[in-house]
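Below: the structure, in C-alpha cells.
The values are calculated or read from the model by the stated rules, or taken from the named source; none is laboratory data. Only a predicted model underlies this, so the values are computations on that prediction, with no experimental measurement involved. Backbone-built Cβ (ideal geometry, glycine too); neighbour counts: all protein chains shown.
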Amino acid sequence: MLKQRVITALVLLPIALGGFFWLHGAAFALFIGAVVTLGGWEWARLAGFAGATQRLTYAGAVAVLLLLLYFMPVLAPGVLLLALFWWLAATWLVTGYPDSSRYWGGGIGKLVIGLLILLPAWQGLVLLKQWPLANGLILAVMVLVWAADIGAYFSGKTFGKRKLAPRVSPGKSWEGLIGGMITSLLITFGVGLYRDWSASELLWGVLGAAVVVAFSVVGDLTESMFKRQSGIKDSSNLLPGHGGILDRIDSLTAAVPVFAVLLWLAGWATP
C-alpha cells in the first residue's frame, strides 16, 4: 500500500503543480473543471446513484454548469455567497448527525448538495487565479489546509482524547483540531511579519486564517458524513493508495470559497 501511495504521488504531483501554478485563463479553468467534474462522478455514488450512466450524467451536468459559470462571471458573487450559507448549514448538519440526515432531501437533495460543494470550489479557484498574487493566493489557502492537517495529525496522535465528531469521524479529536489550528495560525503570523503587515492587518489575517481552517475541517467532516451514511470508505479508487478525488480535496472544497469570500470582503477583487 505504501509503495502504491508513493508511486501515485510521484505521478500526480507534477501534474497537480503544473495545473495549479503554470496554467492560466481558460486552460486553468479547464484543468480545475476536469478535477471537479471527476469529483462530481464520485459524488453521485455518495448520493446513492451507483449506476455508470447515472454517475456520468451527473458528472456531465457538473461540467455544463461549470461552463455556464465560466461564460457568466457575473454569477460568481452569488455562487460564493451561496457557498458560505451552505458551509454554515453543513456545520449544523455535521454536529447533528445522524439525526440531521433527514434534512438532506433524499437522493435528489444529496445531488444538489454536491453542486453546492463542487461548483463554488471551482469558482473560488478561478477567481483567485485572476486576482493580485494569483498563484500566491492559491498556495496560501493550500498551505493553510495542509498545515492544519499535519498539525492535527501529530497533535491528535500525541494528545488526542476528546472526540471531535465521533459519529462522523471517530479518529478526529478536539486536541487535533486545536493543534492544526495553532500550526496554521503560526504560519500566518510568520508570513505577516515577513511581509511587514501592520498590527491591524496581522490581526485580520490571523482571524481570517482561523475561519478558513475551521471551515476546512467542516469540509473534511462533511464528506466523511456522507461516506459513513453510504457505507463507503473511499469516494472512488481513481487514485491508487489515496482513494478518490474527493478524498484529497474535501477540505479545500470548503476552504477555497470561504477564503475567496474573505478576500473579496477585504477588497482584494479586481474590477
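Overview of values
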item: Out of Gly241, Gly267, sole residue that is modelled with pLDDT under 95, closer than 24 Å to Trp41 by Cβ and not in a helix (DSSP H, G or I); result: Gly241
item: Complete set of residues in the range 45-61 that are modelled with pLDDT of 95 or more and not aromatic (Phe, Trp, Tyr); result: Thr53, Gln54, Arg55, Leu56, Thr57, Ala59, Gly60, Ala61
item: Output for the range 132-161, where each listed residue is of a type in the set (S, T, N, Q) and closer than 12 Å to Gly180 by Cβ; result: Ser155
item: Some residue of the range 225-232 being of a type in the set (Ser, Thr, Tyr) and more than 24 Å from Ile178 (Cβ to Cβ); result: yes
item: Residues of the range 34-60 that turn out to be assigned to a loop (DSSP other than H, G, I, E, B) and either surrounded by 14 or more Cβ atoms within 10 Å (Cβ to Cβ) or under 17 Å from the mean Cα position of the chain (by Cα) (or both), as a count; result: 3
item: Residue within the range 206-225 that is small (Gly, Ala, Ser), at pLDDT below 95 and in contact with a helix residue (DSSP H, G or I) (Cβ under 9 Å, 6 or more places away or on another chain) present; result: yes
item: Residue among Gly124, Gly105 that alone is under 19 Å from Leu88 (Cα atoms) and free of Cβ contacts under 8 Å to residues at least 60 places away in the same chain; result: Gly105
item: Test: residue in the range 169-188 that is in a helix (DSSP H, G or I), basic (Lys, Arg) and either surrounded by 14 or more Cβ atoms within 10 Å (Cβ to Cβ) or modelled with pLDDT under 95 (or both); result: no
